[in-house]
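Engineer: Take this structure, written in C-alpha coordinates, and hold onto it; I'll ask about it next.
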Amino acid sequence: MTGPILFTPLDLRGVRFKNRIVVSPMCQYQAVEGAIQDWHMAHHGRFALGGVGACVIEATGVTRDGRITPGCTGLYDDAHIPGMRAIAALYRRFGAACGVQIGHAGRKASTARPWDGAGPLEPGGPEPAWETIAPSALPHRPDWPAPRAMEAADFERVREGFADATRRALAAGLDFVEIHGAHGYLLHTFFSPLSNRREDAYGGDLEGRMRFVLEITEIVRSVWPADKPVFYRASAVDGTEGGITLDDTIALARALKAKGVDVIDCSSGGILTGVALAGAGSKPAPGHQVPLAGGVRRGADVATMAVGLIVDPHQAEAILEAGEADLIALGRELMADPNWPFHAAQALGVEDADGVLPEPYAFYLRRRGRVSLDPRDPPWPQRT
Ligand SMILES: Cc1cc2nc3c(=O)[nH]c(=O)nc-3n(C[C@H](O)[C@H](O)[C@H](O)COP(=O)(O)O)c2cc1C
(Lines give C-alpha, C1' and ligand atoms only; values in the text may rest on other atoms or scores of the structure.)
Protein backbone atom coordinates (compact mmCIF):
# COMPACT_ATOMS: atom_id res chain seq x y z
CA MET A 1 0.00 0.00 0.00
CA THR A 2 1.36 3.43 -0.86
CA GLY A 3 1.09 6.12 1.78
CA PRO A 4 -0.44 9.59 1.46
CA ILE A 5 1.15 11.93 -1.07
CA LEU A 6 1.48 14.51 1.73
CA PHE A 7 4.20 12.30 3.21
CA THR A 8 5.84 11.29 -0.07
CA PRO A 9 9.18 13.03 -0.63
CA LEU A 10 9.62 15.44 -3.51
CA ASP A 11 12.95 15.99 -5.24
CA LEU A 12 13.48 19.39 -6.79
CA ARG A 13 16.81 19.56 -8.59
CA GLY A 14 19.28 18.31 -5.96
CA VAL A 15 17.10 19.09 -2.92
CA ARG A 16 14.86 16.55 -1.24
CA PHE A 17 11.67 17.72 0.50
CA LYS A 18 10.97 14.90 2.96
CA ASN A 19 7.25 15.63 2.81
CA ARG A 20 5.00 18.17 1.08
CA ILE A 21 4.29 20.40 4.08
CA VAL A 22 5.95 23.82 3.84
CA VAL A 23 5.97 26.71 6.30
CA SER A 24 4.59 29.64 4.32
CA PRO A 25 6.70 32.81 4.56
CA MET A 26 5.58 34.84 7.56
CA CYS A 27 7.03 38.21 8.50
CA GLN A 28 7.74 38.40 12.21
CA TYR A 29 8.68 42.10 12.40
CA GLN A 30 11.26 41.21 15.06
CA ALA A 31 14.49 41.84 13.16
CA VAL A 32 16.92 44.54 14.25
CA GLU A 33 18.50 46.37 11.31
CA GLY A 34 17.54 43.39 9.16
CA ALA A 35 19.23 40.82 11.40
CA ILE A 36 17.77 37.59 12.78
CA GLN A 37 17.06 37.58 16.55
CA ASP A 38 16.33 34.95 19.21
CA TRP A 39 12.64 35.32 18.40
CA HIS A 40 13.22 33.92 14.91
CA MET A 41 15.10 30.94 16.27
CA ALA A 42 12.28 30.11 18.69
CA HIS A 43 9.67 30.66 15.97
CA HIS A 44 11.41 28.37 13.47
CA GLY A 45 12.35 25.85 16.13
CA ARG A 46 8.65 25.11 16.67
CA PHE A 47 8.18 24.19 13.01
CA ALA A 48 11.47 22.33 12.60
CA LEU A 49 10.61 20.11 15.59
CA GLY A 50 7.05 19.69 14.34
CA GLY A 51 8.12 17.74 11.25
CA VAL A 52 7.60 20.05 8.27
CA GLY A 53 9.27 19.18 4.97
CA ALA A 54 10.47 22.71 4.33
CA CYS A 55 10.24 26.33 5.36
CA VAL A 56 10.28 29.58 3.46
CA ILE A 57 11.76 32.25 5.73
CA GLU A 58 9.81 35.51 5.73
CA ALA A 59 9.91 38.33 3.15
CA THR A 60 13.50 39.56 3.36
CA GLY A 61 14.61 42.88 1.90
CA VAL A 62 17.24 42.78 -0.82
CA THR A 63 17.97 46.42 -0.03
CA ARG A 64 17.48 48.35 3.20
CA ASP A 65 14.73 50.48 1.66
CA GLY A 66 13.17 47.32 0.22
CA ARG A 67 12.06 46.15 3.67
CA ILE A 68 8.34 46.38 4.39
CA THR A 69 8.80 47.62 7.96
CA PRO A 70 11.83 48.51 10.10
CA GLY A 71 11.35 45.10 11.79
CA CYS A 72 11.73 43.08 8.60
CA THR A 73 14.67 40.82 7.88
CA GLY A 74 17.25 41.67 5.26
CA LEU A 75 19.97 40.14 3.16
CA TYR A 76 21.40 43.51 2.16
CA ASP A 77 24.51 43.20 4.31
CA ASP A 78 26.99 40.42 5.01
CA ALA A 79 26.14 40.84 8.70
CA HIS A 80 22.80 39.15 7.91
CA ILE A 81 24.40 35.89 6.81
CA PRO A 82 25.08 34.25 10.22
CA GLY A 83 21.45 34.57 11.36
CA MET A 84 20.13 33.04 8.16
CA ARG A 85 22.76 30.31 8.42
CA ALA A 86 21.55 29.45 11.93
CA ILE A 87 17.95 29.05 10.72
CA ALA A 88 19.04 26.92 7.75
CA ALA A 89 21.11 24.72 10.08
CA LEU A 90 18.17 24.35 12.45
CA TYR A 91 15.93 22.95 9.72
CA ARG A 92 18.70 20.79 8.30
CA ARG A 93 19.27 19.27 11.73
CA PHE A 94 15.70 17.94 11.55
CA GLY A 95 15.83 16.86 7.91
CA ALA A 96 13.87 19.76 6.47
CA ALA A 97 14.81 22.03 3.58
CA CYS A 98 15.00 25.76 4.16
CA GLY A 99 14.60 28.64 1.75
CA VAL A 100 14.22 32.38 2.06
CA GLN A 101 11.80 34.72 0.35
CA ILE A 102 13.73 37.62 -1.12
CA GLY A 103 11.95 40.73 -2.23
CA HIS A 104 11.64 44.47 -2.48
CA ALA A 105 8.56 46.04 -0.94
CA GLY A 106 8.36 48.88 -3.50
CA ARG A 107 5.56 51.32 -2.75
CA LYS A 108 4.46 49.23 0.26
CA ALA A 109 7.81 49.74 2.01
CA SER A 110 8.30 52.17 4.90
CA THR A 111 5.22 51.02 6.77
CA ALA A 112 4.40 50.31 10.40
CA ARG A 113 4.06 46.79 11.81
CA PRO A 114 0.54 45.31 11.43
CA TRP A 115 -0.31 45.75 15.10
CA ASP A 116 0.68 49.43 14.77
CA GLY A 117 -1.75 49.87 11.88
CA ALA A 118 0.42 48.89 8.87
CA GLY A 119 0.14 52.46 7.54
CA PRO A 120 2.96 54.61 6.15
CA LEU A 121 5.64 55.63 8.67
CA GLU A 122 5.79 59.32 9.58
CA PRO A 123 8.81 61.35 8.36
CA GLY A 124 9.62 62.61 11.86
CA GLY A 125 8.51 59.49 13.76
CA PRO A 126 10.63 57.34 16.09
CA GLU A 127 11.18 55.00 13.12
CA PRO A 128 11.29 57.62 10.36
CA ALA A 129 9.75 57.05 6.94
CA TRP A 130 11.98 56.52 3.94
CA GLU A 131 11.46 57.20 0.25
CA THR A 132 9.70 54.43 -1.66
CA ILE A 133 10.05 53.46 -5.31
CA ALA A 134 7.70 51.83 -7.81
CA PRO A 135 7.25 51.49 -11.56
CA SER A 136 4.93 54.54 -11.54
CA ALA A 137 4.31 57.33 -9.04
CA LEU A 138 0.98 55.87 -7.94
CA PRO A 139 0.43 55.44 -4.19
CA HIS A 140 -0.79 52.11 -2.78
CA ARG A 141 -3.78 53.92 -1.31
CA PRO A 142 -5.02 57.42 -2.13
CA ASP A 143 -3.97 58.73 1.32
CA TRP A 144 -0.48 57.18 1.20
CA PRO A 145 2.61 59.09 0.01
CA ALA A 146 3.28 58.55 -3.70
CA PRO A 147 6.38 56.49 -4.51
CA ARG A 148 9.01 57.82 -6.87
CA ALA A 149 8.82 56.34 -10.38
CA MET A 150 11.95 54.26 -10.90
CA GLU A 151 14.75 55.60 -13.06
CA ALA A 152 17.72 53.79 -14.57
CA ALA A 153 19.83 54.01 -11.38
CA ASP A 154 16.98 52.54 -9.30
CA PHE A 155 16.66 49.59 -11.68
CA GLU A 156 20.36 48.97 -11.29
CA ARG A 157 20.24 49.15 -7.50
CA VAL A 158 17.37 46.65 -7.35
CA ARG A 159 19.14 44.29 -9.79
CA GLU A 160 22.31 44.46 -7.67
CA GLY A 161 20.25 43.98 -4.51
CA PHE A 162 18.73 40.75 -5.79
CA ALA A 163 22.10 39.46 -7.02
CA ASP A 164 23.85 40.21 -3.71
CA ALA A 165 20.99 38.88 -1.57
CA THR A 166 21.02 35.64 -3.58
CA ARG A 167 24.79 35.34 -3.04
CA ARG A 168 24.29 35.84 0.69
CA ALA A 169 21.49 33.27 0.79
CA LEU A 170 23.89 30.81 -0.78
CA ALA A 171 26.63 31.71 1.69
CA ALA A 172 24.11 31.05 4.48
CA GLY A 173 23.61 27.50 3.21
CA LEU A 174 19.96 27.84 2.25
CA ASP A 175 18.47 25.16 0.03
CA PHE A 176 16.28 27.35 -2.14
CA VAL A 177 15.22 30.93 -2.71
CA GLU A 178 11.75 32.24 -3.35
CA ILE A 179 11.41 35.48 -5.32
CA HIS A 180 8.60 37.58 -3.85
CA GLY A 181 6.45 38.58 -6.78
CA ALA A 182 3.15 38.90 -4.90
CA HIS A 183 1.07 41.01 -2.50
CA GLY A 184 1.53 44.43 -4.09
CA TYR A 185 5.30 44.63 -3.57
CA LEU A 186 7.74 45.84 -6.21
CA LEU A 187 7.74 42.97 -8.73
CA HIS A 188 3.97 42.59 -8.51
CA THR A 189 3.54 46.32 -9.18
CA PHE A 190 5.56 45.90 -12.37
CA PHE A 191 3.40 42.98 -13.52
CA SER A 192 0.00 44.44 -12.67
CA PRO A 193 -1.55 46.95 -15.10
CA LEU A 194 -3.19 48.58 -12.06
CA SER A 195 0.16 49.85 -10.76
CA ASN A 196 2.35 49.96 -13.86
CA ARG A 197 1.66 52.90 -16.16
CA ARG A 198 5.16 53.14 -17.63
CA GLU A 199 5.50 54.06 -21.24
CA ASP A 200 8.97 52.59 -21.71
CA ALA A 201 10.04 48.97 -22.29
CA TYR A 202 9.06 48.05 -18.68
CA GLY A 203 5.36 48.84 -19.04
CA GLY A 204 2.49 48.55 -21.47
CA ASP A 205 1.55 45.09 -22.71
CA LEU A 206 2.06 41.80 -20.90
CA GLU A 207 5.54 41.40 -22.35
CA GLY A 208 6.59 44.86 -21.14
CA ARG A 209 5.13 44.34 -17.67
CA MET A 210 6.89 40.96 -17.36
CA ARG A 211 10.25 42.35 -18.44
CA PHE A 212 11.63 43.42 -15.05
CA VAL A 213 10.28 40.31 -13.31
CA LEU A 214 12.07 38.11 -15.83
CA GLU A 215 15.27 40.16 -15.63
CA ILE A 216 15.34 39.72 -11.86
CA THR A 217 14.60 36.01 -12.19
CA GLU A 218 17.43 35.62 -14.67
CA ILE A 219 19.81 37.39 -12.27
CA VAL A 220 18.76 35.22 -9.32
CA ARG A 221 18.98 32.05 -11.37
CA SER A 222 22.44 32.96 -12.67
CA VAL A 223 23.76 33.39 -9.12
CA TRP A 224 21.86 30.46 -7.57
CA PRO A 225 23.43 27.02 -8.28
CA ALA A 226 21.83 24.73 -10.86
CA ASP A 227 21.34 21.97 -8.27
CA LYS A 228 19.10 24.14 -6.04
CA PRO A 229 15.52 25.18 -6.79
CA VAL A 230 14.07 28.66 -7.23
CA PHE A 231 10.48 29.38 -6.24
CA TYR A 232 8.42 32.37 -7.33
CA ARG A 233 5.48 33.65 -5.27
CA ALA A 234 2.85 35.22 -7.48
CA SER A 235 -0.38 36.97 -6.76
CA ALA A 236 -2.04 34.85 -9.41
CA VAL A 237 -5.01 37.23 -9.68
CA ASP A 238 -5.46 40.81 -8.50
CA GLY A 239 -9.15 40.22 -7.87
CA THR A 240 -9.85 43.78 -9.05
CA GLU A 241 -11.33 44.97 -12.36
CA GLY A 242 -8.54 45.60 -14.87
CA GLY A 243 -5.96 43.65 -12.85
CA ILE A 244 -3.98 40.48 -13.42
CA THR A 245 -5.99 37.46 -14.55
CA LEU A 246 -5.14 33.79 -14.20
CA ASP A 247 -4.31 33.68 -17.93
CA ASP A 248 -1.75 36.47 -17.42
CA THR A 249 -0.17 34.48 -14.59
CA ILE A 250 -0.09 31.31 -16.67
CA ALA A 251 1.81 33.25 -19.35
CA LEU A 252 4.18 34.58 -16.68
CA ALA A 253 4.64 31.10 -15.18
CA ARG A 254 5.62 29.70 -18.58
CA ALA A 255 8.21 32.44 -18.99
CA LEU A 256 9.48 31.94 -15.43
CA LYS A 257 9.81 28.21 -16.00
CA ALA A 258 11.85 28.91 -19.14
CA LYS A 259 14.17 31.04 -16.95
CA GLY A 260 14.69 28.16 -14.52
CA VAL A 261 11.98 28.67 -11.89
CA ASP A 262 10.94 25.33 -10.42
CA VAL A 263 7.84 26.11 -8.35
CA ILE A 264 5.16 28.80 -8.56
CA ASP A 265 3.78 29.57 -5.10
CA CYS A 266 0.24 30.73 -5.86
CA SER A 267 -1.16 33.47 -3.64
CA SER A 268 -3.39 36.39 -4.65
CA GLY A 269 -4.26 40.02 -4.05
CA GLY A 270 -2.47 42.88 -2.34
CA ILE A 271 -2.19 45.38 -5.17
CA LEU A 272 -5.00 47.73 -4.11
CA THR A 273 -6.72 45.46 -1.65
CA GLY A 274 -5.23 43.80 1.38
CA VAL A 275 -3.95 40.25 1.09
CA ALA A 276 -6.87 37.87 1.53
CA LEU A 277 -6.34 36.83 5.13
CA ALA A 278 -9.48 35.57 6.80
CA GLY A 279 -10.95 37.87 9.39
CA ALA A 280 -10.95 40.99 7.21
CA GLY A 281 -14.22 42.31 5.72
CA SER A 282 -14.82 39.56 3.17
CA LYS A 283 -13.96 36.20 4.55
CA PRO A 284 -12.30 33.79 2.12
CA ALA A 285 -13.30 30.14 2.19
CA PRO A 286 -10.87 27.34 3.08
CA GLY A 287 -8.57 26.56 0.18
CA HIS A 288 -9.78 29.64 -1.70
CA GLN A 289 -6.54 29.97 -3.71
CA VAL A 290 -6.17 26.29 -4.56
CA PRO A 291 -7.83 26.66 -8.02
CA LEU A 292 -5.13 29.22 -8.86
CA ALA A 293 -2.38 26.71 -8.10
CA GLY A 294 -4.23 24.10 -10.16
CA GLY A 295 -4.75 26.49 -13.06
CA VAL A 296 -1.09 27.51 -13.15
CA ARG A 297 0.09 23.90 -12.78
CA ARG A 298 -2.00 22.69 -15.71
CA GLY A 299 -1.69 25.83 -17.82
CA ALA A 300 2.08 26.24 -17.57
CA ASP A 301 3.07 22.64 -16.86
CA VAL A 302 5.04 23.73 -13.82
CA ALA A 303 5.10 22.55 -10.19
CA THR A 304 3.00 24.67 -7.84
CA MET A 305 2.59 25.30 -4.14
CA ALA A 306 -0.96 25.87 -2.89
CA VAL A 307 -1.57 28.19 0.05
CA GLY A 308 -4.39 29.89 1.89
CA LEU A 309 -6.60 28.47 4.60
CA ILE A 310 -5.46 24.92 4.13
CA VAL A 311 -6.16 23.54 7.57
CA ASP A 312 -7.28 19.93 7.33
CA PRO A 313 -4.96 17.00 6.48
CA HIS A 314 -7.62 15.37 4.25
CA GLN A 315 -8.08 18.70 2.45
CA ALA A 316 -4.30 18.89 1.88
CA GLU A 317 -4.16 15.31 0.61
CA ALA A 318 -7.12 15.90 -1.73
CA ILE A 319 -5.35 18.94 -3.25
CA LEU A 320 -2.31 16.81 -4.04
CA GLU A 321 -4.39 13.88 -5.28
CA ALA A 322 -6.36 16.13 -7.63
CA GLY A 323 -3.11 17.42 -9.13
CA GLU A 324 -3.77 21.00 -8.03
CA ALA A 325 -0.34 21.38 -6.44
CA ASP A 326 2.91 19.62 -5.57
CA LEU A 327 3.49 21.31 -2.23
CA ILE A 328 1.17 22.59 0.49
CA ALA A 329 2.10 25.78 2.34
CA LEU A 330 0.58 26.55 5.71
CA GLY A 331 0.88 29.79 7.62
CA ARG A 332 -1.48 30.45 10.49
CA GLU A 333 -2.47 26.81 10.90
CA LEU A 334 1.15 25.99 11.75
CA MET A 335 1.24 28.91 14.16
CA ALA A 336 -1.80 27.38 15.85
CA ASP A 337 -0.39 23.87 15.76
CA PRO A 338 3.33 23.51 15.01
CA ASN A 339 2.86 19.75 15.33
CA TRP A 340 0.40 19.80 12.40
CA PRO A 341 2.57 17.39 10.35
CA PHE A 342 2.42 14.86 13.19
CA HIS A 343 -1.32 15.26 13.60
CA ALA A 344 -1.77 15.05 9.81
CA ALA A 345 0.21 11.81 9.73
CA GLN A 346 -2.07 10.39 12.42
CA ALA A 347 -5.22 11.55 10.61
CA LEU A 348 -4.05 10.09 7.28
CA GLY A 349 -3.10 6.76 8.85
CA VAL A 350 0.64 6.97 8.23
CA GLU A 351 2.39 3.99 9.69
CA ASP A 352 4.56 5.19 12.60
CA ALA A 353 3.05 8.69 12.57
CA ASP A 354 5.17 9.43 15.66
CA GLY A 355 8.23 9.10 13.44
CA VAL A 356 7.29 12.41 11.77
CA LEU A 357 8.66 13.98 14.96
CA PRO A 358 12.33 13.79 15.92
CA GLU A 359 13.35 10.75 17.94
CA PRO A 360 13.57 12.48 21.36
CA TYR A 361 9.81 13.13 21.00
CA ALA A 362 8.84 10.11 18.86
CA PHE A 363 10.34 7.66 21.35
CA TYR A 364 8.03 8.79 24.14
CA LEU A 365 4.96 9.30 22.01
CA ARG A 366 5.21 5.76 20.61
CA ARG A 367 5.18 4.42 24.19
CA ARG A 368 2.40 6.76 25.16
CA GLY A 369 0.41 5.48 22.18
CA ARG A 370 0.36 2.03 23.74
CA VAL A 371 -1.68 3.13 26.74
CA SER A 372 -5.25 4.34 26.80
CA LEU A 373 -5.57 8.09 27.33
CA ASP A 374 -9.29 7.76 28.05
CA PRO A 375 -9.86 8.94 31.65
CA ARG A 376 -12.89 6.61 31.89
CA ASP A 377 -10.62 3.57 31.58
CA PRO A 378 -9.39 1.85 34.74
CA PRO A 379 -6.48 3.64 36.46
CA TRP A 380 -3.11 3.12 34.92
CA PRO A 381 -0.91 0.56 36.57
CA GLN A 382 1.58 2.09 38.92
CA ARG A 383 5.07 2.08 37.54
CA THR A 384 7.39 -0.08 39.61
C1 LIG B 1 2.02 36.78 10.29
C2 LIG B 1 2.01 36.62 8.81
C3 LIG B 1 3.06 37.08 8.06
C4 LIG B 1 3.10 36.89 6.67
N5 LIG B 1 4.20 37.26 5.98
C6 LIG B 1 4.32 36.93 4.67
C7 LIG B 1 5.54 37.11 3.98
O8 LIG B 1 6.56 37.46 4.56
N9 LIG B 1 5.55 36.83 2.67
C10 LIG B 1 4.45 36.35 2.00
O11 LIG B 1 4.52 36.11 0.80
N12 LIG B 1 3.30 36.12 2.65
C13 LIG B 1 3.21 36.38 3.96
N14 LIG B 1 2.07 36.07 4.65
C15 LIG B 1 1.02 35.30 3.96
C16 LIG B 1 1.23 33.79 4.22
O17 LIG B 1 2.44 33.33 3.68
C18 LIG B 1 0.07 32.97 3.64
O19 LIG B 1 0.08 33.10 2.24
C20 LIG B 1 -1.27 33.40 4.21
O21 LIG B 1 -1.19 33.55 5.61
C22 LIG B 1 -2.36 32.38 3.87
O23 LIG B 1 -2.04 31.12 4.40
P24 LIG B 1 -2.70 30.59 5.79
O25 LIG B 1 -4.20 30.67 5.62
O26 LIG B 1 -2.20 29.17 5.90
O27 LIG B 1 -2.22 31.47 6.89
C28 LIG B 1 2.01 36.27 6.03
C29 LIG B 1 0.93 35.84 6.78
C30 LIG B 1 0.91 35.99 8.15
C31 LIG B 1 -0.25 35.47 8.95
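Engineer: Is there a residue being outside any helix (DSSP H, G or I) and closer than 21 Å to VAL56 by Cβ anywhere in region 338-354? Quick ask: steps written out before the conclusion?
Structural biologist: Within region 338-354, the first condition is being outside any helix (DSSP H, G or I), and the residues that meet it are 338-339, 348-352.
In the following step, the residues that additionally are closer than 21 Å to VAL56 by Cβ were identified as 338-339.
Yes: region 338-354 contains one or more residues that are outside any helix (DSSP H, G or I) and closer than 21 Å to VAL56 by Cβ.
Engineer: Still on this structure: Given the criteria more than 16 Å from the ligand (Cβ to nearest atom) and crowded, with 24+ Cβ neighbours inside 10 Å, does SER222 qualify? Full working, then the answer.
Structural biologist: Numbers: more than 16 Å from the ligand (Cβ to nearest atom): yes; crowded, with 24+ Cβ neighbours inside 10 Å: no.
Spelling it out, it is not the case that SER222 is more than 16 Å from the ligand (Cβ to nearest atom) and crowded, with 24+ Cβ neighbours inside 10 Å.
Engineer: Do we have ARG198 as open to solvent by 10 Å² or more (accessible area, probe 1.4 Å), out of contact with any Pro (no Cβ under 9 Å at 6 or more places or on another chain) and basic (Lys, Arg) here? If you could, list the steps in order and put the result at the bottom.
Structural biologist: Numbers: open to solvent by 10 Å² or more (accessible area, probe 1.4 Å): yes; out of contact with any Pro (no Cβ under 9 Å at 6 or more places or on another chain): no; basic (Lys, Arg): yes.
So ARG198 does not fit the description; no.
Engineer: ASP164: more than 16 Å from the ligand (Cβ to nearest atom), under 30 Å from PHE17 (Cβ atoms), touching a strand residue (DSSP E or B) at 6+ places or on another chain (Cβ under 8 Å) and open to solvent by 40 Å² or more (accessible area, probe 1.4 Å), yes or no? Give the steps one after another, and end with the answer.
Structural biologist: Details: more than 16 Å from the ligand (Cβ to nearest atom): yes; under 30 Å from PHE17 (Cβ atoms): yes; touching a strand residue (DSSP E or B) at 6+ places or on another chain (Cβ under 8 Å): no; open to solvent by 40 Å² or more (accessible area, probe 1.4 Å): yes.
The answer is no for ASP164.
Engineer: Among the candidates ILE87, ILE102, single out the residue that is β-branched (Val, Ile, Thr) and out of contact with any Asp or Glu (no Cβ under 8 Å at 6 or more places or on another chain).
Structural biologist: So the residue among ILE87, ILE102 that is β-branched (Val, Ile, Thr) and out of contact with any Asp or Glu (no Cβ under 8 Å at 6 or more places or on another chain) is ILE87.
Listed here are the residues, each with its yes/no results for (1) over 30 Å from HIS140 (Cβ atoms); (2) open to solvent by less than 10 Å² (accessible area, probe 1.4 Å); (3) at pLDDT 95 or above; (4) charged (D, E, K, R).
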site: GLY45; (1), (2), (3), (4): yes, no, yes, no
site: GLY74; (1), (2), (3), (4): no, yes, yes, no
site: ARG85; (1), (2), (3), (4): yes, no, yes, yes
site: TYR91; (1), (2), (3), (4): yes, yes, yes, no
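Engineer: If I go through region 139-158 residue by residue, how many of them are under 21 Å from PHE212 (Cβ atoms) and open to solvent by less than 50 Å² (accessible area, probe 1.4 Å)?
Structural biologist: Total meeting the criteria: 8.
Engineer: Also, I was wondering about something else. Tell me, please, whether a residue that is open to solvent by 10 Å² or more (accessible area, probe 1.4 Å), within 16 Å of the ligand (Cβ to nearest atom) and either of a type in the set (Val, Ile, Thr) or within 17 Å of GLN30 (Cβ to Cβ) (or both) can be found in region 94-110.
Structural biologist: No, the conditions are met nowhere in region 94-110.
Engineer: Pick out the one residue from LEU309, LEU327, LEU334 that is within 16 Å of the ligand (Cβ to nearest atom), of a type in the set (A, V, I, L, M, F, W, C) and in contact with a His (Cβ under 7 Å, 6 or more places away or on another chain).
Structural biologist: On the way: LEU327 fails: in contact with a His (Cβ under 7 Å, 6 or more places away or on another chain); LEU334 fails: in contact with a His (Cβ under 7 Å, 6 or more places away or on another chain).
None of the other options fit; the residue is LEU309.
Condition check ((1) within 25 Å of ASP265 (Cα to Cα); (2) not aliphatic (A, V, I, L, M)) across all residues:
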| position | (1), (2) |
| --- | --- |
| ALA48 | yes, no |
| ALA86 | yes, no |
| ALA89 | yes, no |
| HIS104 | yes, yes |
| ALA112 | no, no |
| ASP116 | no, yes |
| PRO135 | yes, yes |
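Engineer: Looking at LEU357, LEU365, which is the one that is surrounded by 12 or more Cβ atoms within 10 Å (Cβ to Cβ), at pLDDT below 95 and more than 16 Å from the ligand (Cβ to nearest atom)? Let's see the steps before the verdict.
Structural biologist: Values: LEU357 fails: at pLDDT below 95.
Answer to the selection: LEU365.
Engineer: Do we have any residue at all in region 6-14 that's within 16 Å of the ligand (Cβ to nearest atom), more than 26 Å from PRO128 (Cα to Cα) and crowded, with 21+ Cβ neighbours inside 10 Å?
Structural biologist: yes
Engineer: Oh, and also: If I filter region 327-343 for residues that are touching a helix residue (DSSP H, G or I) at 6+ places or on another chain (Cβ under 7 Å) and farther than 25 Å from HIS43 by Cβ, do I get at least one hit?
Structural biologist: no
Engineer: Inspect all residues belonging to region 261-282 and state whether any of them is surrounded by fewer than 17 Cβ atoms within 10 Å (Cβ to Cβ), within 16 Å of the ligand (Cβ to nearest atom) and modelled with pLDDT of 95 or more.
Structural biologist: The answer is no, given that none of the residues of region 261-282 is surrounded by fewer than 17 Cβ atoms within 10 Å (Cβ to Cβ), within 16 Å of the ligand (Cβ to nearest atom) and modelled with pLDDT of 95 or more.
Engineer: Would you kindly identify the strands (runs of 3 or more DSSP E) lying entirely within region 1-79 that contain at least 2 residues that are on the phi < 0 side of the Ramachandran plot and touching a His at 6+ places or on another chain (Cβ under 8 Å)?
Structural biologist: Details: elements: 10-12, 15-17, 21-23, 54-61.
So the answer is 54-61.
Engineer: Counting only residues that are buried (at least 24 other Cβ atoms within 10 Å of the Cβ) and out of contact with any strand residue (DSSP E or B) (no Cβ under 6 Å at 6 or more places or on another chain), which one in region 22-43 is nearest to GLY349 (Cα to Cα)?
Structural biologist: ILE36
The values are calculated or read from the model by the stated rules, or taken from the named source; none is laboratory data. Because the structure is predicted, anything quoted here is derived from the model rather than measured. Cβ sites come from the backbone with ideal geometry, for glycine too, and all protein chains shown count toward neighbours. The accessibility values were calculated without ligands, DNA or RNA, using every heavy atom of the protein model including side chains. Shrake-Rupley method; radii C 1.70, N 1.55, O 1.52, S 1.80 Å.
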